[in-house]
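J.: Submitted below is the structure of interest, expressed as structure tokens.
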Amino acid sequence: MKKTLTRGLMNLLPMALSLWLFWSLFVSLDGLGLFLLALLGINPPFVGLGFSLVVALVFIVGLLFSVSPIVWIYSWIERQLMRFPLFKSVYGSIRDIASLMNRDGKPNTQQTVLVRQANGGYVVGFIMTNTPPKPLLDALPEGDWVPVLFQLSYQMAGVTSLVKREDLILVDWSFEEAMRFNLTAGISQTPN
């Protein structure tokens, strides 16, 4: 009986949480859209109009960002706001995470690697860029150093270490699959 309950819970829980998360997102965006419609004095004729309005607005913003003057104005505003240290830290982090998720058709440049540990084990990591910042290179001893991200399981956090390229083992494994493996502590694997 205990195994049956556990099996049912393990199969039902991920689906229920995922559906709840997407439903909550839908309700939140619908509420935002309904608020915008209420500001305009429009009574929504059907459920989901607020959500549809938000999706349409995001699409329109995407179209506007394909026009050079809009991109220039936004970049100027962004540069002005980046003068504030707290805003720069928070916004910069969020922007970097968003750009990692949205490559706009560009291939991922992150290379999956293995790094040998002192105990003989290996850690899965990712070369995030081939050119570390100059202040770091100036502080390090001679060598071909690269920043390697070691993703922590069940978190959006990770540790970035500078590792000599010669100490890395390149792995032919996509960034997405390797990241999924790391985030779930090896539980989630794509079947071969």
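J.: Please list, ordered by chain and number, the residues whose modelled amide H lies under 5 Å from the amide H of Met128; skip anything fewer than 5 residues away on the same chain.
T.: Hits under the 5 Å cutoff: Leu149.
J.: Around Trp173, which amide H atoms from residues at least 5 apart in sequence, or from another chain, sit under 5 Å from its own amide H, with H modelled in the peptide plane?
T.: Thr112
J.: Check Val163: other-chain or 5+ apart residues with amide H under 5 Å from its amide H, H built from backbone geometry?
T.: Val146, Val148
J.: In what order, largest first, do Trp20, Trp76, Trp173, Trp145 sit by accessible area if the probe radius is 1.4 Å? Show your work: numbers first, answer last.
T.: Working: Trp20 160, Trp76 120, Trp173 80, Trp145 40 Å².
Largest accessible area first, the residues go Trp20, Trp76, Trp173, Trp145.
J.: Work from the charge dipole of the stretch 1-150 (Cβ charges, +1 for Lys and Arg, -1 for Asp and Glu, about the Cα centre) and give the residue of Val54, Met15, Leu137 farthest towards its positive end.
T.: Comparing the listed Cα positions along the dipole, Met15 ranks first.
J.: Quickly work out the Leu64-to-Ala98 label distance, labels modelled 7 Å from Cα along the C-beta direction, and quote it in nm with one decimal.
T.: The modelled label-to-label distance comes out at 1.3 nm.
J.: How large is the accessible surface per residue of the chain, computed with a 1.4 Å probe and reported in Å² as a whole number? Can you show the working numbers first?
T.: Details: 14540 Å² over 192 residues.
It amounts to 76 Å² per residue over the chain.
J.: Tally up the carbon and sulfur contribution to the accessible surface of the chain as a whole percent, 1.4 Å probe, everything protein left in place. Before the final figure, lay out each step's value.
T.: Details: 9920 of 14540 Å².
Ligands and nucleic acids excluded, carbon and sulfur reach 68 percent.
J.: Given charges of +1 on the Cβ of Lys and Arg and -1 on the Cβ of Asp and Glu, with all other atoms neutral, how large is the dipole of the chain about its Cα centre, in debye to the nearest 20? Walk me through the numbers before you get to the answer.
T.: Numbers: 14 positive and 12 negative charges, 89 e Å.
In debye, rounded to 20, the chain gives about 420.
J.: Normalised by the residues of the stretch 1-56, what does the relative contact order come to in percent, with Cα pairs under 8 Å and at least six apart? Could the numbers behind the result be given before it?
T.: Working: 32 pairs, mean separation 17.8, N = 56.
Over the stretch 1-56, the number comes to 32 percent.
J.: Select one label from [x] 46, 36, 28; [y] 47, 33, 33; [z] 66, 62, 31: the one whose number is Cα extents along the principal axes in Å as derived from the coordinates shown.
T.: Matching entry in [x] 46, 36, 28; [y] 47, 33, 33; [z] 66, 62, 31: [z].
The values are calculated or read from the model by the stated rules, or taken from the named source; none is laboratory data. The structure presented is a predicted model; accordingly, all values stated were derived computationally and were not measured. Neighbour counts run over all protein chains shown; Cβ positions are idealised from the backbone, glycine included. Remember, those area values only see protein heavy atoms, side chains included, never the ligands or the DNA or RNA. Shrake-Rupley method; radii C 1.70, N 1.55, O 1.52, S 1.80 Å.
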